[in-house]
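Here is the structure we will look at, set down as structure tokens.
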Amino acid sequence: MTVAEYNKSVEDHSDGVYRFILKNIKNDDKARDVVQDTYEKLWLKVEEVSAEKVKSYLFTAAYHTMIDMIRKEKRVTGYEAEKHDKPSHSEHYTGLSQILEEAVAKLPADQRSVIMLRDYEGYSYEEIAGITGLTESQVKVYIFRGRMFLKNYIGSIEAVI
């Protein structure tokens, strides 16, 4: 990969990588750090990564960097995930996108990541498997379980609106 191709990959893919990470960790500064680390990793392997495969490499590296950061924070802070079984919507309409974001934030990290890659970024099951290191079957199961959780969490559209 040439320097021009590297710069083009920054222009073409940095926003998508940033959105993917931000939707998963909900922290602007940490998302920017993950994207920066991802492009640093790409720069260190610029000779090995082809321009045709750069998007896949970026999302894979960003995903693994994000997971490493989450694991490190769990060790440092002893963070325990909060579980909710009841829908969080109120009697007042607050915006479907806000409710959906709250619901997606409640998903386990693996399910949230594969749903984000599939539904927000448009990757195929095979590409998601390559990015996350899961099997294609595991990806399908995580997406199914995540969507079922979202359906149960949000409830019917009439209840939300």
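All of the numbers you see were taken from the coordinates with simple rules; none came from a lab. Source: prediction; values computed, not measured. Methodologically, a virtual Cβ is constructed for each residue, glycine included, from the backbone with ideal geometry; neighbour enumeration extends over all protein chains shown.
Things worth noting here:
- Each of VAL34, VAL49, VAL139 was scored by other Cβ atoms within 10 Å of its Cβ. Arranged with the fewest first, they read VAL49, VAL139, VAL34.
- Where a label projected 7 Å from the Cα of GLU101 along Cα→Cβ would reach, residues of segment 9-29 with amide N under 15 Å: 19-29
- Distance between the pseudo-spin-label points of ASP37 and ASP119 (7 Å out from Cα toward the beta carbon): 2.7 nm.
- Estimated inter-spin distance, ASN27 and TYR6, nm [label 7 Å along Cα→Cβ]: 2.8 nm
- Sequence of LEU42, LEU134 once ranked by neighbouring C-beta atoms within 10 Å, starting from the fewest: LEU134, LEU42
- Dipole magnitude of segment 1-80, debye to nearest 20 (Cβ charges: Lys/Arg +1, Asp/Glu -1, about Cα centre): 360 debye
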